[in-house]
Amino acid sequence: QCILEKNMIKISPGLEISPFKILNTRTCVLSEKNLENTGFVFCEELLKNGIPFCVIDTVGKYKNLKVMYELLWVGGEKSDLEIHYCDLKKLAENVITQSIPLILDLSKVSDYEEYLEEFFTHLLNTATESRRPYLLVVNDAEKFLSYEKPVKSLKEISLMRLGRGLGMVLLSSK
């Protein structure tokens, strides 16, 4: 379990942040290079501190966390669950109410918008109802918030009032 008052999340040497602040805010991390590495290290720190989260993985790199930590991996080759057959409502409910860390791997999915719309909608509804702290980490956020193919439910989450239990970290290289 995470002790929010004592532990700090190390983002990089000399840069630490309180888990309480992460879980109750919207944060954007911009990086010209090594974004996947920054996101991976950040997720590793979340796991070390017992902070439940879902990372949206567009390249299939975060599956390596599964080697070192216990978490649920949905969507990639040899994953725990295949995204095409997954009940996204139950997935969202279970990861929040049971504080399960999740990798939502979209690296092999070409039509991800439909899956994300449904998953984010259920994630938001469950977070609002349960008020349990949970963090959404969105890698390559520019893909999901673009003008061409925006994921509307992600925008809704980013604009919602704080205090619903759902924090967000957007990682972008643009």
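The values are calculated or read from the model by the stated rules, or taken from the named source; none is laboratory data. Computed from a predicted model, the values in this text were never measured in an experiment. Neighbour counts run over all protein chains shown; Cβ positions are idealised from the backbone, glycine included.
Before moving on, here are some points about what is shown:
- Looking across the range 55-70 at every residue that is assigned to a helix (DSSP H, G or I) and among the hydrophobic types (A, V, I, L, M, F, W, C), the one that is surrounded by the most Cβ atoms within 10 Å (Cβ to Cβ) is identified as L65.
- Meets criteria (modelled with pLDDT of 80 or more and acidic (D, E)) for E113: yes
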